[in-house]
Number of protein chains: 2
Amino acid sequence: MASSPQNEIQEVLSVNQAFYTAHEQRDIDAMDEIWDHGASTACIHPGWPILRGWEAVRESWVRIFAGPVRNQFILTNATASVRGTMAWITLDENLMDRANTGTIAATNLFVRSSAGWKLVLHHGSPVAPRMRSEPG
Amino acid sequence: MASSPQNEIQEVLSVNQAFYTAHEQRDIDAMDEIWDHGASTACIHPGWPILRGWEAVRESWVRIFAGPVRNQFILTNATASVRGTMAWITLDENLMDRANTGTIAATNLFVRSSAGWKLVLHHGSPVAPRMRSEPG
């Protein structure tokens, strides 16, 4: 292993940040770089059913980027874990535009390849306002 | 590695089924067996904020099991992937009781330990009815 665990966590957090930058900038070329292109790739957008395989996931981003709403995020509460050639991050995506407000709780799963960490699964779900201070 | 990839997928699917059986039966002892007890353990129930660490996750199950709603699931559309000592499953949880209907899209992440596959992350999010047939 070339990287220390701490370096690996920094690398994963960096790819995670690039994912949100690509989303904000509607940059499908950056998404092509960030995501794993295999059949195991999956994405669950808030309220959406499961999308599987890179083609379906990529198509969803093309459609989202073509839509009227340009999302802006403040990312908070991120925690990363690395185990072998896999890493996962949970974090809060705080939406900052008029059409979408509130917090999305997100899980991002990464696989390490020869080209670095690649996003293999993204799952986002809205946090209900009443749940924010006291879950349950 | 003692198991073939196909056997490993079967093992992970078996633990995944045990997780839903424990939920339906409100069996906290079974949850203790199924989940990893480390600091990386996390759970995002539908509409809830991120819960981190086994203590917080376990407490959420105690509270859910004490609540008025007894969840029953029909599980469909499950796909499992294994990579090294990690595995992940996405699936649809179809709720079958009067208080909760509809579909929850779920991600379950597992780590392989000497005691077998352990659930380290569960994330569930409601699928919006209009999204079911045509996402986007």
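Brief remarks follow.
- Residues in the stretch A:87-126 that are closer than 15 Å to A:Gln10 by Cα and surrounded by fewer than 21 Cβ atoms within 10 Å (Cβ to Cβ) were compared, and the one that is nearest to the other protein chains (Cβ to nearest Cβ) is A:Arg112.
- A:Gly84 within 12 Å of chain B (Cβ to nearest Cβ) and out of contact with any Gly (no Cβ under 8 Å at 6 or more places or on another chain): no
- Qualifying residue in the stretch B:15-28 (condition: within 14 Å of another protein chain (Cβ to nearest Cβ) and touching a residue at least 24 places away in the same chain (Cβ under 8 Å)): no
- Test for B:Val57: is it at pLDDT 95 or above and facing another protein chain (nearest Cβ under 9 Å): no
- Residues in the stretch A:92-127 that are of a type in the set (Asp, Glu) and in a strand (DSSP E or B): 2 in all.
- Test: B:Trp61 is of a type outside the set (Lys, Arg), surrounded by 18 or more Cβ atoms within 10 Å (Cβ to Cβ) and free of Cβ contacts under 8 Å to residues at least 24 places away in the same chain: no
- A:Asp36 meets all of the listed conditions (1) within 13 Å of chain B (Cβ to nearest Cβ); (2) farther than 17 Å from A:Ser114 by Cβ; (3) under 13 Å from the mean Cα position of the chain (by Cα) but one, namely (2).
- Only one of the numbered conditions (1) closer than 18 Å to B:Leu121 by Cβ; (2) part of a loop (DSSP other than H, G, I, E, B) is violated by A:Gly47, and that is (1).
- In the stretch B:73-85, the count of residues that are closer than 29 Å to A:Val69 by Cβ and buried (at least 21 other Cβ atoms within 10 Å of the Cβ) is zero.
The values are calculated or read from the model by the stated rules, or taken from the named source; none is laboratory data. Note that this is a predicted model, so its numbers are computed, not measured. In this analysis, Cβ positions are derived from the backbone assuming ideal geometry, glycine residues included, and neighbour counts consider all displayed protein chains.
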